[in-house]
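A.B. asks: Next up is a structure, given as structure tokens.
The values are calculated or read from the model by the stated rules, or taken from the named source; none is laboratory data. None of these values were measured; they are calculated from a predicted model. Neighbour counts run over all protein chains shown; Cβ positions are idealised from the backbone, glycine included. SASA here: full protein model, heavy atoms, side chains in, ligands and nucleic acids out. Shrake-Rupley method; radii C 1.70, N 1.55, O 1.52, S 1.80 Å.
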Amino acid sequence: VQLQAYGGGLVQAGGSLRLSCAASHRTFGNNAMGWFRQAPGKEREFVATIAWNGGRRYYADSVMGRFTISRDNALNTVYLQMDSLRPEDTAVYYCAAARGAASSTATKYYNYWGQGTQVTVSS
């Protein structure tokens, strides 16, 4: 499975961005998907996850109420709508495909990773 994330960029605080992640494999619809991010000098952290059918969704406390994860299995694509962005959201954002169908916040549960897309939020 190859994952291609895109949609990052530079935005002012309070603005919005929508990240997309396209999967190359037709079995994309069988796997949970997640978004993670890594800021300079920090470890990669969980942002959001969604189950294979779009059912169960979980978010990091830091993005709850501002970010929304969704997916379109017909297009093999997962999205991350990011609203009310803050400077502390600045990071490289990665999408990942899980080993199973259930959503998970654990990095080790994901075995396919995209190349990352840079999000920069200016104050």
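A.B. asks: Check PHE36 against each of (1) closer than 21 Å to LEU75 by Cβ; (2) surrounded by 17 or more Cβ atoms within 10 Å (Cβ to Cβ); (3) modelled with pLDDT of 95 or more and name the one condition it does not meet.
C.D. replies: (1)
A.B. asks: Also, quick follow-up: Take the conditions modelled with pLDDT of 95 or more and open to solvent by 50 Å² or more (accessible area, probe 1.4 Å) and apply them to THR105. Does it pass?
C.D. replies: no
For every residue, the table says whether it meets (1) touching a Phe, Trp or Tyr at 6+ places or on another chain (Cβ under 9 Å); (2) under 20 Å from GLN2 (Cα atoms); (3) surrounded by 14 or more Cβ atoms within 10 Å (Cβ to Cβ).
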| residue | (1), (2), (3) |
| --- | --- |
| SER20 | yes, yes, yes |
| SER24 | no, yes, no |
| PRO40 | no, no, no |
| GLY55 | no, no, no |
| ASP61 | no, no, no |
| PHE67 | yes, no, yes |
| ARG71 | yes, yes, yes |
| VAL78 | yes, yes, yes |
| MET82 | yes, no, yes |
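A.B. asks: May I ask you to list the residues in region 17-57 that are assigned to a strand (DSSP E or B), basic (Lys, Arg) and more than 24 Å from SER122 (Cβ to Cβ)?
C.D. replies: Matches in region 17-57: ARG57 only.
A.B. asks: For region 58-123, which strands (runs of 3 or more DSSP E) that fit wholly inside it have 1 or more residues that are under 12 Å from the mean Cα position of the chain (by Cα), more than 18 Å from ARG18 (Cβ to Cβ) and in contact (Cβ under 8 Å) with a residue 40 or more places away in the chain?
C.D. replies: It comes to 91-98, 110-113.
A.B. asks: Next up: Mind checking which residues of region 1-14 are open to solvent by 20 Å² or more (accessible area, probe 1.4 Å), within 25 Å of SER123 (Cβ to Cβ) and either of a type outside the set (A, V, I, L, M) or within 11 Å of the chain's Cα centre (by Cα) (or both)?
C.D. replies: Within region 1-14, TYR6, GLY7, GLY8, GLY9, GLN12, GLY14 meet the criteria.
A.B. asks: Quick check on region 24-43: of everything there that is among the hydrophobic types (A, V, I, L, M, F, W, C) and touching a helix residue (DSSP H, G or I) at 6+ places or on another chain (Cβ under 9 Å), which residue is nearest to MET64 (Cα to Cα)?
C.D. replies: Within region 24-43, the match that is nearest to MET64 (Cα to Cα) is PHE36.
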